[in-house]
Amino acid sequence: MEINAKKQRSSFTGKIGFVLAAAGSAVGLGNIWRFPYLAAKYGGGIFLITYIILSVTFGFALMIAEISIGRKTGLSSVGAYKKLNKRFSFIGYLGAIIPVLILPYYSVIGGWVTKYLFAYCSGDAVNAANSNYFSNFIKNPSEPLLWFAVFLGITAIVVLLGVEKGIEKVSKIMMPVLIFISIGIAIYTMFIPGALDGLLYYITPDFSKFSIMTVVAAMGQLFYSMSLAMGIMITYGSYMKKDVSIESSAHQIEIFDTGIAFLAGLMIIPAVFIFSPDKLGNQAGAGLMFETLPSIFQRMPGGTIVGAVFFLLVLFAALTSSISLMETIVSIFQDKFKWNRKFSCLIVILVCIALGLPSSLGHGPWASIKLLGKNFLDFFDFVSNGVLMPIVALFTCIFVGFIIKPKAIEEEVELSGKFKLKRLFNIMIKYVAPICLVLVLLSSVLDAFGIVKI
C-alpha cells in the first residue's frame, strides 16, 4: 500500500456543501442533550436570548477567524498556524489534541445511541424504558464495545469516501432529514395535552434565574456546540473555495446550530414538563437521553414510533459531528506526514479504538479507576471541552488580534465580498472574546472540582 500521497487538496463543490457539512459538525449531541437542560435551568427565554446574542457576536468572531485561517493557508490546524507564524505553531498542535481526545469517547456515546435506535426498531422499546436498562447495558463489558465499533465504522466509511463524495454528499442527505425530523417531533410534542404550559415554561424569560452564570453557561454551550477551537472549522475552511462568502456562510451555520438547539428544546422540555417535571433543569447528558426520555416515550401516545424517530435524529446528529472530528484528524495526518487518506483513516481508527476502550469499559469493569475523581469518558470530556478548547480559542484570539492582526482575516473574508461586520469582528476578537474565554475556562475548572455547579 502506498502511504505517501501528493495531490491537489480536496474541496467542497460550493457554498451549500460547505455550509451543510460545517453545520452538521456544529449540530451534535450537545444541541440535543445539553441545550434543553441549560435552557430549563437558566430561565428559559432569558437563556435563549443570551445564547442568540452570544452566537452572533462571540461565536461569529471565532468562527470567522477559524474558517479564514483554514482557507487562507489551505491547511489543517497544525500546518495553518505554522504557515502564518512559526512561533505560534504550538496552537495548532494543542488544537490537534482535542479531536483526538473527543472522537473516541464521542463514538462510544454514538454507539449507545445506535443501540437504542436498534432497540426501538426491533420491538424492545418497553425494556428500553426500564430504569435499569441503560445502567445494565453500559456495565456490560462487550455489548457497548460492539456498538462503539459499529458507530466508528460508519463514520470511517464516510471519511474514507473523501470530502466531496463522502462528507458533502452525506451532509446533503442527513442535514435536511435531521431538520425535517426535528420539526416533526417538535410539532407532535406540541399537540400533547399540557404541552402549551411546557412551551411557555421554555420560551418565557424568567429574569429571577438570570445571573453571570447564565452568560457563562451559554458561552460554554455555544463554544463546543459550534465546533470551535478543535480544528474542525479550520479544516473545513481549507476545503472552501475562494469565491464562497465566509461571512454569509458563518451566519447560516449559526442559524442551523441555534435553530436545531431551539427545536431540541421544543421536542424535550414540554414532554419532560408533562411527564417528569422534577427532571426539568436537573438532568442532562446520558441520564436525560437514555433514561428519562425513553421512560417519557413509553407514556406518550405513539411513543414507540416517536422514540425510534428521535433516536434516528440523534444518530444523524452524532454522525455529522463524528465525521467532522475524524476528518479533522485525517486531514492533520495528511498535511503533516503526507500520508494518503486510507492509511490516515486506518491510523485514526486504531487510535480511536485504543482511547475508546477505557471510555467504554470505564462504566463497567474499569469503573473503579478514576482520574481526578472522574471515569475515563468524563475525564477526556473535561480535558478537551473544559480545558483545552478555551485555551486554544484564547490563544487564537491573541494570535489573530495581536500577532497577524485582524486585517489578515479581513482580507481573506473580503476575497468573496464586502465584510459587513468588520468592526464587530475586530472588537470581539481583540477584547470581548478573550475575556469570555477566560470566564469559560475558569467556570469549567470550578465546575469540575464542585466549587461552582453549571
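The values are calculated or read from the model by the stated rules, or taken from the named source; none is laboratory data. Predicted, not measured: the structure shown is a model, and the values here were computed from it. Neighbour counts are summed over all protein chains in view; Cβ atoms, including those assigned to glycine, are modelled from backbone coordinates with ideal geometry.
Looking only at the range 364-385, how many residues end up being of a type in the set (Gly, Ala, Ser) and crowded, with 21+ Cβ neighbours inside 10 Å? Count: 1.
Look at the range 159-182: where a residue is modelled with pLDDT under 95 and a partner is crowded, with 22+ Cβ neighbours inside 10 Å and not β-branched (Val, Ile, Thr), sitting 6+ places away or on another chain with Cβ atoms under 8 Å, you get Glu164/Phe12; Glu164/Gly17.
Of Val387, Val383, Val392, all but one fail to be closer than 29 Å to Ala156 by Cβ, in a helix (DSSP H, G or I) and without any contact (Cβ under 8 Å) to a residue 60 or more places away in the chain; the exception is Val387. Helices (runs of 4 or more DSSP H) fully within the range 41-86 that include at least 2 residues being within 20 Å of the chain's Cα centre (by Cα): 45-54, 60-73.
Candidates Leu357, Leu371: the one that is out of contact with any Lys or Arg (no Cβ under 6 Å at 6 or more places or on another chain) and either touching a residue at least 24 places away in the same chain (Cβ under 8 Å) or farther than 28 Å from Ala217 by Cβ (or both) is Leu357. Per the conditions (1) part of a loop (DSSP other than H, G, I, E, B); (2) under 30 Å from Arg299 (Cβ atoms), the sole criterion not satisfied by Val150 is (1). Looking across the range 321-350 at every residue that is β-branched (Val, Ile, Thr), buried (at least 24 other Cβ atoms within 10 Å of the Cβ) and under 12 Å from Leu152 (Cα atoms), the one that is nearest to the chain's Cα centre (by Cα) is identified as Ile323. Picking from residues in the range 239-266 that are among the polar types (S, T, N, Q) and over 17 Å from the mean Cα position of the chain (by Cα), the one that is nearest to Ile181 (Cα to Cα) is Ser249.
Here's the yes/no breakdown for (1) assigned to a helix (DSSP H, G or I); (2) touching a residue at least 12 places away in the same chain (Cβ under 8 Å):
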position: Ala408; (1), (2): yes, yes
position: Glu412; (1), (2): yes, yes
position: Arg423; (1), (2): yes, no
position: Val440; (1), (2): yes, yes
position: Ile451; (1), (2): no, no
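Restricting the range 3-36 to residues that are outside any loop (DSSP other than H, G, I, E, B) and surrounded by fewer than 17 Cβ atoms within 10 Å (Cβ to Cβ), the residue that is modelled with the highest pLDDT is Ile16. Just to be sure before I move on: is Leu178 within 25 Å of Leu38 (Cβ to Cβ) and part of a helix (DSSP H, G or I) in the structure I sent? Against the criterion (within 25 Å of Leu38 (Cβ to Cβ) and part of a helix (DSSP H, G or I)), Leu178 qualifies.
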